[in-house]
Amino acid sequence: MRNTIQQNYSLAAEGARASELEAVQAAVELATAARDLTQNELKPGVIDRDRDMTHPTEQVKLMGEMGFMGIMTDPKYGGTGMDTLSYVIALEEISKVDNSCSVIMSAHNSLVCWGLEKYGNEEIKEKYLPQLASGEMIGGFCLSEPEAGSDATSQQTTAEDKGDYYLVNGTKNWITNGKKAGAYVVIAQTDREAGHRGINALLIDASTEGVSTGIKEDKLGIRSSDTSSVMFSDVKVPKSHRLGPEGFGFKYAMKTLDGGRIGIAAQALGIAAGSYELALAYSHERKTFGKPINKHQAIAFKLADMAMEVEAARMMVYRAAWLKDQGKEYATAAAMAKLFASEVAMKSSIEAVQVHGGYGYVKEYHVERLMRDAKITQIYEGTSEIQRLVIARAVTKGDVYLPID
Ligand SMILES: Cc1cc2nc3c(=O)[nH]c(=O)nc-3n(C[C@H](O)[C@H](O)[C@H](O)COP(=O)(O)OP(=O)(O)OC[C@H]3O[C@@H](n4cnc5c(N)ncnc54)[C@H](O)[C@@H]3O)c2cc1C
(Lines give C-alpha, C1' and ligand atoms only; values in the text may rest on other atoms or scores of the structure.)
Protein backbone atom coordinates (compact mmCIF):
# COMPACT_ATOMS: atom_id res chain seq x y z
CA MET A 1 0.00 0.00 0.00
CA ARG A 2 2.81 2.37 0.93
CA ASN A 3 4.42 1.83 -2.44
CA THR A 4 1.16 2.43 -4.27
CA ILE A 5 0.56 5.70 -2.48
CA GLN A 6 4.16 6.74 -2.97
CA GLN A 7 4.13 5.83 -6.64
CA ASN A 8 0.87 7.61 -7.35
CA TYR A 9 1.80 10.60 -5.37
CA SER A 10 5.19 11.06 -6.93
CA LEU A 11 3.50 10.87 -10.32
CA ALA A 12 1.24 13.73 -9.33
CA ALA A 13 4.09 15.63 -7.72
CA GLU A 14 5.99 15.84 -10.96
CA GLY A 15 4.48 19.28 -11.21
CA ALA A 16 4.07 20.62 -14.71
CA ARG A 17 4.06 17.15 -16.23
CA ALA A 18 1.33 15.86 -14.00
CA SER A 19 -2.19 16.79 -14.89
CA GLU A 20 -4.47 18.19 -12.24
CA LEU A 21 -6.54 15.07 -12.63
CA GLU A 22 -3.61 12.89 -11.62
CA ALA A 23 -3.07 15.03 -8.53
CA VAL A 24 -6.73 14.71 -7.59
CA GLN A 25 -6.62 10.96 -8.22
CA ALA A 26 -3.57 10.65 -5.99
CA ALA A 27 -5.29 12.60 -3.22
CA VAL A 28 -8.41 10.44 -3.53
CA GLU A 29 -6.26 7.32 -3.41
CA LEU A 30 -4.50 8.54 -0.29
CA ALA A 31 -7.80 9.45 1.42
CA THR A 32 -9.22 6.05 0.46
CA ALA A 33 -6.20 4.23 1.85
CA ALA A 34 -6.41 6.23 5.09
CA ARG A 35 -10.17 5.63 5.31
CA ASP A 36 -9.76 1.88 4.75
CA LEU A 37 -7.13 1.71 7.47
CA THR A 38 -9.33 3.74 9.80
CA GLN A 39 -12.53 1.79 9.21
CA ASN A 40 -10.96 -1.67 9.10
CA GLU A 41 -8.18 -1.41 11.65
CA LEU A 42 -8.71 1.58 13.93
CA LYS A 43 -12.47 1.62 14.39
CA PRO A 44 -12.80 -1.92 15.80
CA GLY A 45 -11.79 -1.63 19.45
CA VAL A 46 -11.67 2.17 19.55
CA ILE A 47 -14.42 2.35 22.20
CA ASP A 48 -12.67 -0.17 24.45
CA ARG A 49 -9.25 1.46 24.03
CA ASP A 50 -10.76 4.82 24.91
CA ARG A 51 -12.54 3.45 27.99
CA ASP A 52 -9.53 1.47 29.24
CA MET A 53 -6.87 4.00 28.18
CA THR A 54 -5.14 1.24 26.21
CA HIS A 55 -2.37 2.49 23.97
CA PRO A 56 -3.06 1.75 20.26
CA THR A 57 0.32 0.08 19.81
CA GLU A 58 -0.77 -2.35 17.08
CA GLN A 59 -2.68 0.37 15.24
CA VAL A 60 0.33 2.70 15.28
CA LYS A 61 2.43 -0.16 13.91
CA LEU A 62 0.00 -0.46 10.98
CA MET A 63 0.13 3.29 10.46
CA GLY A 64 3.90 2.91 10.27
CA GLU A 65 3.57 0.15 7.68
CA MET A 66 1.31 2.43 5.62
CA GLY A 67 4.02 5.09 5.64
CA PHE A 68 2.04 7.48 7.84
CA MET A 69 4.61 7.75 10.63
CA GLY A 70 7.14 9.32 8.29
CA ILE A 71 4.68 10.76 5.83
CA MET A 72 6.62 13.98 5.14
CA THR A 73 10.08 12.54 5.75
CA ASP A 74 12.45 12.24 2.80
CA PRO A 75 12.57 8.67 1.39
CA LYS A 76 16.36 8.84 1.75
CA TYR A 77 15.74 8.57 5.53
CA GLY A 78 13.06 5.90 5.10
CA GLY A 79 10.13 8.29 4.91
CA THR A 80 7.22 8.43 2.47
CA GLY A 81 8.21 11.82 1.07
CA MET A 82 4.74 13.27 0.75
CA ASP A 83 3.78 16.89 1.22
CA THR A 84 1.83 18.67 3.96
CA LEU A 85 -1.39 18.51 1.97
CA SER A 86 -1.16 14.71 1.88
CA TYR A 87 -0.40 14.71 5.60
CA VAL A 88 -3.61 16.61 6.39
CA ILE A 89 -5.69 14.43 4.06
CA ALA A 90 -4.54 11.32 5.93
CA LEU A 91 -4.93 12.95 9.34
CA GLU A 92 -8.49 14.07 8.59
CA GLU A 93 -9.54 10.50 7.81
CA ILE A 94 -7.90 9.02 10.90
CA SER A 95 -9.35 11.78 13.11
CA LYS A 96 -12.88 10.96 12.03
CA VAL A 97 -12.54 7.88 14.22
CA ASP A 98 -9.46 7.62 16.42
CA ASN A 99 -7.96 10.82 17.74
CA SER A 100 -5.51 9.02 19.98
CA CYS A 101 -3.94 7.60 16.82
CA SER A 102 -4.08 10.97 15.08
CA VAL A 103 -2.41 12.90 17.90
CA ILE A 104 0.33 10.28 18.08
CA MET A 105 0.86 10.66 14.32
CA SER A 106 0.67 14.45 14.42
CA ALA A 107 3.08 15.13 17.30
CA HIS A 108 5.49 12.51 15.94
CA ASN A 109 5.52 13.83 12.36
CA SER A 110 5.21 17.59 12.89
CA LEU A 111 7.19 18.20 16.03
CA VAL A 112 9.84 15.49 15.89
CA CYS A 113 10.44 14.04 12.38
CA TRP A 114 10.00 17.32 10.50
CA GLY A 115 12.20 19.33 12.90
CA LEU A 116 14.87 16.65 13.10
CA GLU A 117 15.10 16.44 9.32
CA LYS A 118 15.22 20.22 8.92
CA TYR A 119 17.55 21.15 11.77
CA GLY A 120 19.47 17.99 12.75
CA ASN A 121 22.95 17.09 11.55
CA GLU A 122 23.51 14.20 9.17
CA GLU A 123 24.76 11.84 11.89
CA ILE A 124 21.62 11.99 14.05
CA LYS A 125 19.31 12.10 11.05
CA GLU A 126 20.80 8.87 9.75
CA LYS A 127 20.64 7.27 13.17
CA TYR A 128 17.11 8.27 14.23
CA LEU A 129 14.99 9.19 11.20
CA PRO A 130 14.69 5.71 9.63
CA GLN A 131 13.47 4.26 12.93
CA LEU A 132 11.07 7.15 13.46
CA ALA A 133 9.78 7.25 9.89
CA SER A 134 8.91 3.54 9.94
CA GLY A 135 7.03 3.93 13.22
CA GLU A 136 9.37 1.45 14.89
CA MET A 137 10.33 4.29 17.24
CA ILE A 138 7.90 7.00 18.37
CA GLY A 139 9.00 10.56 19.01
CA GLY A 140 7.95 12.96 21.77
CA PHE A 141 8.22 16.75 21.86
CA CYS A 142 8.99 18.23 25.28
CA LEU A 143 8.28 21.94 25.56
CA SER A 144 5.58 22.36 28.25
CA GLU A 145 6.50 22.40 31.92
CA PRO A 146 4.51 22.71 35.15
CA GLU A 147 5.11 26.49 35.02
CA ALA A 148 5.57 26.96 31.27
CA GLY A 149 2.59 26.28 29.00
CA SER A 150 1.37 29.23 26.97
CA ASP A 151 4.36 31.19 28.23
CA ALA A 152 6.92 28.85 26.70
CA THR A 153 9.80 31.28 27.28
CA SER A 154 9.82 30.67 31.04
CA GLN A 155 11.67 27.37 30.74
CA GLN A 156 12.96 25.90 34.02
CA THR A 157 14.57 22.85 32.41
CA THR A 158 18.27 23.52 32.03
CA ALA A 159 20.86 22.27 29.55
CA GLU A 160 24.13 23.27 31.13
CA ASP A 161 27.03 23.58 28.69
CA LYS A 162 29.76 21.19 29.87
CA GLY A 163 32.11 21.49 26.91
CA ASP A 164 31.43 18.48 24.73
CA TYR A 165 28.00 17.73 26.21
CA TYR A 166 24.94 19.36 27.83
CA LEU A 167 23.80 18.33 31.29
CA VAL A 168 20.00 18.36 31.28
CA ASN A 169 17.83 18.69 34.40
CA GLY A 170 14.12 19.40 34.69
CA THR A 171 10.56 18.16 34.28
CA LYS A 172 8.35 18.37 31.21
CA ASN A 173 4.58 18.11 31.49
CA TRP A 174 1.79 16.75 29.31
CA ILE A 175 4.07 15.05 26.81
CA THR A 176 2.23 13.21 24.02
CA ASN A 177 3.93 9.81 23.51
CA GLY A 178 5.63 10.49 26.87
CA LYS A 179 5.95 6.88 28.02
CA LYS A 180 6.16 5.24 24.59
CA ALA A 181 8.70 7.50 22.91
CA GLY A 182 12.15 6.20 22.01
CA ALA A 183 13.47 9.73 21.50
CA TYR A 184 12.45 13.19 22.63
CA VAL A 185 13.10 16.65 21.31
CA VAL A 186 13.65 18.60 24.53
CA ILE A 187 13.59 22.37 24.82
CA ALA A 188 15.86 23.61 27.62
CA GLN A 189 17.55 26.78 28.85
CA THR A 190 21.33 26.97 28.50
CA ASP A 191 22.02 30.68 29.00
CA ARG A 192 19.44 32.31 31.26
CA GLU A 193 20.74 35.83 30.66
CA ALA A 194 20.19 35.45 26.93
CA GLY A 195 16.46 34.83 27.57
CA HIS A 196 14.70 33.00 24.75
CA ARG A 197 17.90 33.25 22.68
CA GLY A 198 19.64 31.10 25.29
CA ILE A 199 17.33 28.09 24.77
CA ASN A 200 18.41 24.90 22.95
CA ALA A 201 16.52 22.04 21.31
CA LEU A 202 18.15 18.67 22.01
CA LEU A 203 17.39 15.20 20.74
CA ILE A 204 17.51 12.89 23.75
CA ASP A 205 17.34 9.12 23.48
CA ALA A 206 14.79 7.79 25.96
CA SER A 207 17.25 5.07 27.00
CA THR A 208 19.79 7.63 28.28
CA GLU A 209 20.58 7.37 31.99
CA GLY A 210 18.57 9.86 34.04
CA VAL A 211 15.47 9.92 31.82
CA SER A 212 12.22 8.79 33.50
CA THR A 213 8.48 9.24 33.01
CA GLY A 214 5.46 9.89 35.23
CA ILE A 215 2.05 8.20 35.21
CA LYS A 216 -0.16 8.10 32.11
CA GLU A 217 -2.65 10.96 32.49
CA ASP A 218 -6.34 10.03 32.84
CA LYS A 219 -7.87 12.43 30.32
CA LEU A 220 -11.29 13.66 29.12
CA GLY A 221 -10.58 12.66 25.52
CA ILE A 222 -7.84 11.13 23.33
CA ARG A 223 -7.71 8.73 26.25
CA SER A 224 -5.74 5.89 24.75
CA SER A 225 -2.92 8.18 23.65
CA ASP A 226 -0.10 8.30 26.09
CA THR A 227 0.37 11.65 27.86
CA SER A 228 2.80 11.89 30.75
CA SER A 229 5.49 13.93 32.43
CA VAL A 230 9.07 13.27 31.39
CA MET A 231 11.84 13.90 33.90
CA PHE A 232 15.53 14.55 33.21
CA SER A 233 18.02 14.14 36.03
CA ASP A 234 21.67 14.84 35.19
CA VAL A 235 21.17 13.58 31.64
CA LYS A 236 24.30 13.87 29.50
CA VAL A 237 23.49 14.87 25.92
CA PRO A 238 26.23 15.02 23.27
CA LYS A 239 26.59 18.38 21.55
CA SER A 240 25.92 16.66 18.23
CA HIS A 241 22.33 16.11 19.41
CA ARG A 242 21.57 19.83 19.36
CA LEU A 243 19.06 20.78 16.63
CA GLY A 244 20.09 23.97 14.89
CA PRO A 245 22.73 26.40 16.09
CA GLU A 246 23.37 27.32 19.73
CA GLY A 247 20.40 29.28 21.11
CA PHE A 248 18.01 28.15 18.35
CA GLY A 249 15.75 26.08 20.65
CA PHE A 250 12.92 28.56 21.09
CA LYS A 251 12.82 29.17 17.36
CA TYR A 252 12.83 25.39 16.80
CA ALA A 253 9.76 25.16 19.03
CA MET A 254 7.94 28.02 17.30
CA LYS A 255 8.79 26.80 13.78
CA THR A 256 7.74 23.23 14.43
CA LEU A 257 4.58 24.39 16.23
CA ASP A 258 3.60 26.46 13.17
CA GLY A 259 3.54 23.20 11.20
CA GLY A 260 2.13 21.27 14.18
CA ARG A 261 -0.86 23.59 14.23
CA ILE A 262 -1.68 22.50 10.69
CA GLY A 263 -1.68 18.90 11.96
CA ILE A 264 -3.96 19.74 14.90
CA ALA A 265 -6.18 21.78 12.59
CA ALA A 266 -6.48 18.65 10.41
CA GLN A 267 -7.31 16.62 13.49
CA ALA A 268 -10.05 19.13 14.40
CA LEU A 269 -11.30 19.01 10.81
CA GLY A 270 -11.52 15.20 11.04
CA ILE A 271 -13.49 15.40 14.28
CA ALA A 272 -15.88 17.92 12.72
CA ALA A 273 -16.25 15.94 9.49
CA GLY A 274 -16.61 12.61 11.32
CA SER A 275 -19.30 14.08 13.57
CA TYR A 276 -21.14 15.46 10.56
CA GLU A 277 -20.97 12.16 8.66
CA LEU A 278 -22.30 10.19 11.63
CA ALA A 279 -25.08 12.71 12.25
CA LEU A 280 -26.09 12.72 8.59
CA ALA A 281 -26.23 8.92 8.38
CA TYR A 282 -28.22 8.68 11.60
CA SER A 283 -30.64 11.38 10.45
CA HIS A 284 -31.69 9.17 7.52
CA GLU A 285 -32.25 6.12 9.75
CA ARG A 286 -34.03 7.59 12.72
CA LYS A 287 -37.72 8.27 12.30
CA THR A 288 -39.92 10.40 14.55
CA PHE A 289 -43.50 11.47 13.92
CA GLY A 290 -43.57 9.19 10.90
CA LYS A 291 -40.57 10.57 8.99
CA PRO A 292 -36.76 10.58 9.04
CA ILE A 293 -35.53 13.24 11.46
CA ASN A 294 -33.75 15.09 8.64
CA LYS A 295 -37.18 15.90 7.24
CA HIS A 296 -37.69 18.07 10.33
CA GLN A 297 -36.29 21.46 9.43
CA ALA A 298 -34.62 21.93 12.83
CA ILE A 299 -32.42 18.89 12.16
CA ALA A 300 -31.93 19.63 8.45
CA PHE A 301 -30.65 23.13 9.31
CA LYS A 302 -28.20 21.73 11.84
CA LEU A 303 -26.86 19.43 9.10
CA ALA A 304 -26.67 22.35 6.67
CA ASP A 305 -24.61 24.41 9.14
CA MET A 306 -22.35 21.46 9.91
CA ALA A 307 -21.73 20.79 6.20
CA MET A 308 -20.94 24.44 5.53
CA GLU A 309 -18.60 24.83 8.50
CA VAL A 310 -16.74 21.58 7.80
CA GLU A 311 -16.18 22.74 4.23
CA ALA A 312 -14.92 26.15 5.37
CA ALA A 313 -12.56 24.51 7.89
CA ARG A 314 -11.29 22.13 5.20
CA MET A 315 -10.46 25.03 2.89
CA MET A 316 -8.52 26.79 5.64
CA VAL A 317 -6.59 23.67 6.61
CA TYR A 318 -5.75 22.82 3.00
CA ARG A 319 -4.68 26.40 2.37
CA ALA A 320 -2.31 26.49 5.35
CA ALA A 321 -0.83 23.16 4.18
CA TRP A 322 -0.53 24.42 0.61
CA LEU A 323 1.25 27.61 1.72
CA LYS A 324 3.76 25.51 3.65
CA ASP A 325 4.29 23.25 0.64
CA GLN A 326 4.86 26.28 -1.59
CA GLY A 327 7.56 27.57 0.76
CA LYS A 328 5.43 30.62 1.57
CA GLU A 329 4.77 32.19 4.97
CA TYR A 330 2.20 30.01 6.74
CA ALA A 331 2.32 30.79 10.48
CA THR A 332 -0.76 33.04 10.47
CA ALA A 333 -2.70 30.75 8.14
CA ALA A 334 -1.86 27.80 10.42
CA ALA A 335 -3.03 29.69 13.53
CA MET A 336 -6.25 30.69 11.74
CA ALA A 337 -6.88 27.15 10.53
CA LYS A 338 -6.33 25.68 14.00
CA LEU A 339 -8.48 28.26 15.75
CA PHE A 340 -11.33 27.96 13.26
CA ALA A 341 -11.24 24.19 12.78
CA SER A 342 -11.11 23.55 16.53
CA GLU A 343 -14.19 25.73 17.08
CA VAL A 344 -15.96 23.88 14.27
CA ALA A 345 -14.92 20.54 15.80
CA MET A 346 -16.42 21.53 19.13
CA LYS A 347 -19.65 22.81 17.59
CA SER A 348 -20.09 19.99 15.08
CA SER A 349 -19.48 17.25 17.66
CA ILE A 350 -21.96 18.80 20.13
CA GLU A 351 -24.57 19.03 17.36
CA ALA A 352 -23.88 15.42 16.33
CA VAL A 353 -24.71 14.30 19.87
CA GLN A 354 -27.90 16.40 19.71
CA VAL A 355 -28.94 14.87 16.37
CA HIS A 356 -28.51 11.40 17.92
CA GLY A 357 -30.70 12.32 20.90
CA GLY A 358 -30.27 9.86 23.79
CA TYR A 359 -28.25 7.50 21.58
CA GLY A 360 -25.64 10.22 21.19
CA TYR A 361 -25.03 10.15 24.90
CA VAL A 362 -23.76 6.56 24.96
CA LYS A 363 -20.44 5.24 23.71
CA GLU A 364 -21.78 2.83 21.10
CA TYR A 365 -22.65 5.61 18.64
CA HIS A 366 -19.14 7.20 18.68
CA VAL A 367 -20.25 10.84 18.74
CA GLU A 368 -19.81 11.37 22.48
CA ARG A 369 -16.16 10.34 22.09
CA LEU A 370 -15.67 12.82 19.26
CA MET A 371 -17.20 15.53 21.47
CA ARG A 372 -14.75 14.72 24.27
CA ASP A 373 -11.85 14.55 21.80
CA ALA A 374 -12.75 17.90 20.24
CA LYS A 375 -11.94 19.91 23.37
CA ILE A 376 -8.21 19.22 23.31
CA THR A 377 -7.85 20.79 19.86
CA GLN A 378 -8.63 24.15 21.52
CA ILE A 379 -5.87 23.61 24.08
CA TYR A 380 -2.71 21.92 22.84
CA GLU A 381 -0.08 23.35 20.49
CA GLY A 382 -1.28 26.79 21.60
CA THR A 383 -4.69 27.46 23.13
CA SER A 384 -7.36 29.33 21.17
CA GLU A 385 -6.45 32.45 23.13
CA ILE A 386 -2.81 32.09 22.01
CA GLN A 387 -3.89 31.56 18.37
CA ARG A 388 -5.85 34.83 18.61
CA LEU A 389 -2.71 36.52 19.96
CA VAL A 390 -0.66 35.18 17.03
CA ILE A 391 -3.25 36.31 14.49
CA ALA A 392 -3.80 39.70 16.19
CA ARG A 393 -0.05 40.33 16.24
CA ALA A 394 0.24 39.62 12.51
CA VAL A 395 -2.77 41.76 11.67
CA THR A 396 -1.86 44.76 13.86
CA LYS A 397 1.79 44.66 12.76
CA GLY A 398 0.46 45.65 9.37
CA ASP A 399 1.08 42.24 7.83
CA VAL A 400 -2.21 42.48 6.03
CA TYR A 401 -3.24 38.95 5.41
CA LEU A 402 -3.83 38.56 1.71
CA PRO A 403 -5.47 35.30 0.73
CA ILE A 404 -3.37 34.84 -2.42
CA ASP A 405 0.04 35.74 -0.99
C1 LIG B 1 -3.48 15.96 26.19
C2 LIG B 1 -2.38 16.96 26.11
C3 LIG B 1 -1.29 16.71 25.31
C4 LIG B 1 -0.23 17.63 25.24
N5 LIG B 1 0.89 17.32 24.50
C6 LIG B 1 1.98 18.12 24.61
C7 LIG B 1 3.24 17.73 24.03
O8 LIG B 1 3.36 16.70 23.36
N9 LIG B 1 4.31 18.52 24.22
C10 LIG B 1 4.25 19.68 24.94
O11 LIG B 1 5.26 20.35 25.09
N12 LIG B 1 3.06 20.08 25.50
C13 LIG B 1 1.95 19.33 25.36
N14 LIG B 1 0.77 19.72 25.94
C15 LIG B 1 0.71 20.98 26.69
C16 LIG B 1 -0.16 22.04 26.03
O17 LIG B 1 0.48 22.51 24.88
C18 LIG B 1 -0.44 23.13 27.07
O19 LIG B 1 -1.33 22.57 28.02
C20 LIG B 1 -0.99 24.38 26.46
O21 LIG B 1 -0.03 25.03 25.69
C22 LIG B 1 -1.53 25.36 27.54
O23 LIG B 1 -0.59 25.54 28.55
P24 LIG B 1 -1.07 25.41 30.08
O25 LIG B 1 -1.78 24.13 30.22
O26 LIG B 1 0.09 25.66 30.96
O27 LIG B 1 -2.14 26.58 30.28
P28 LIG B 1 -1.79 28.09 30.65
O29 LIG B 1 -0.71 28.62 29.82
O30 LIG B 1 -1.63 28.17 32.14
O31 LIG B 1 -3.16 28.82 30.27
C32 LIG B 1 -4.34 28.81 31.11
C33 LIG B 1 -5.39 29.66 30.42
O34 LIG B 1 -4.94 31.03 30.30
C35 LIG B 1 -4.96 31.44 28.94
N36 LIG B 1 -3.82 32.31 28.67
C37 LIG B 1 -2.53 32.10 29.00
N38 LIG B 1 -1.78 33.13 28.61
C39 LIG B 1 -2.60 34.01 27.97
C40 LIG B 1 -2.42 35.26 27.32
N41 LIG B 1 -1.23 35.82 27.19
N42 LIG B 1 -3.53 35.87 26.82
C43 LIG B 1 -4.76 35.31 26.90
N44 LIG B 1 -4.98 34.12 27.51
C45 LIG B 1 -3.93 33.48 28.03
C46 LIG B 1 -4.86 30.13 28.14
O47 LIG B 1 -5.38 30.30 26.84
C48 LIG B 1 -5.70 29.19 28.99
O49 LIG B 1 -7.07 29.41 28.72
C50 LIG B 1 -0.31 18.84 25.98
C51 LIG B 1 -1.44 19.09 26.77
C52 LIG B 1 -2.45 18.18 26.86
C53 LIG B 1 -3.63 18.46 27.77
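For the chain, what does the alpha-carbon gyration tensor say about shape, rounded, prolate or oblate, given a ≥ b ≥ c as the root eigenvalues, a/c under 1.5 as rounded, and a/b over b/c as prolate? Here the chain falls in the prolate category.
Straight Cα distances below 28 angstrom link Lys287 to the lysines Lys43, Lys96, Lys295, Lys302, Lys347, Lys363, with same-chain residues fewer than 8 positions distant left out. Along the Cα-to-C-beta direction of Tyr165, a point sits 7 Å from the Cα; which residues of the range 172-209 have their amide N less than 16 Å from that point? Correct set: 202-209.
If you roll a 1.4 Å probe over the chain with all protein chains in place, what percent of the accessible area is carbon or sulfur?
Details: 9490 of 17480 Å².
Reported share for carbon and sulfur atoms: 54 percent.
Our estimate of slack between Leu220 and Val362, defined as 0.36 nm per intervening residue step minus the Cα-Cα distance, is 49.6 nm. Measuring only protein heavy atoms, the 1.4 Å probe finds Ile293 accessible over about 10 Å². On the basis of the beta-carbon distance and an R0 of 22 Å, Ala307 and Glu329 show a calculated FRET efficiency of 0.10.
Reachable lysines from Lys162, Cα under 25 Å, same-chain residues fewer than 8 places away excluded? Lys162 reaches Lys125, Lys127, Lys172, Lys236, Lys239, Lys251.
When only the heavy atoms of the protein chains count and the probe is 1.4 Å, how do Leu269, Leu280 rank by accessible area, highest first? Intermediate results must be reported in sequence, preceding the final value.
Values: Leu269 0, Leu280 60 Å².
Greatest to least solvent exposure: Leu280, Leu269.
Which one of Gln155, Gln189, Gln59 has the biggest mean-square fluctuation once the chain is modelled by GNM with Cα springs under 10 Å? Most flexible of the set in this elastic network: Gln59.
The residues neighbouring Ile264, those whose beta-carbon lies less than 9 Å from its own, together hold a net charge of +1 under the Lys/Arg +1, Asp/Glu -1 convention. Modelled label positions at Ala300 and Glu277, each set 7 Å beyond Cα in the direction of Cβ, lie 2.5 nm from each other. Which net charge results when you count Lys and Arg as +1 and Asp and Glu as -1 among the other residues whose beta-carbon is under 10 Å from that of Ala374? Once positives and negatives cancel, what remains is +2.
In this structure, the amide hydrogen of Ile175, modeled 1.01 Å from its nitrogen in the peptide plane, lies closer than 5 angstrom to those of Ser228, Ser229, Val230, counting only residues at least 5 positions away or on a different chain. Rounded to the nearest Hz, the phi-derived 3J(HN,Hα) couplings of the range 34-44 under the Karplus curve 6.51 cos²θ - 1.76 cosθ + 1.60 (θ = phi - 60°) are 5, 5, 4, 4, 5, 5, 8, 10, 8, 5, x, where x marks glycine and proline. Per residue of the chain, the DSSP helices (runs of n ≥ 4 H) give a summed -39500 (n - 2.57) that works out to -16000 deg cm²/dmol at 222 nm.
Which entries in the list Lys61/Lys179; Lys179/Lys338; Lys118/Lys324; Lys118/Lys255; Lys328/Lys375 go over 19 Å, if you measure between the two C-alpha atoms of each?
Cα-Cα > 19 Å for Lys179/Lys338; Lys328/Lys375; rest within.
Counting only protein chains, not ligands or nucleic acids, how are Glu351, Glu126 ordered by accessible area (probe 1.4 Å), most first?
Values: Glu351 50, Glu126 115 Å².
Output order, biggest surface exposure first: Glu126, Glu351.
Our analysis of the range 297-405 gives Rg over Rh at 1.06, with the two radii drawn from alpha carbon positions and Rh computed by the Kirkwood formula.
The values are calculated or read from the model by the stated rules, or taken from the named source; none is laboratory data. From a predicted model like this one, the values you see are computed outputs, not experimental measurements. Heads up, the Cβs are rebuilt from the backbone with ideal geometry, glycines too, and the neighbour counts pull from every protein chain shown. Just the protein is used for accessible areas: all its heavy atoms, side chains included, with ligands, DNA and RNA removed. Shrake-Rupley method; radii C 1.70, N 1.55, O 1.52, S 1.80 Å.
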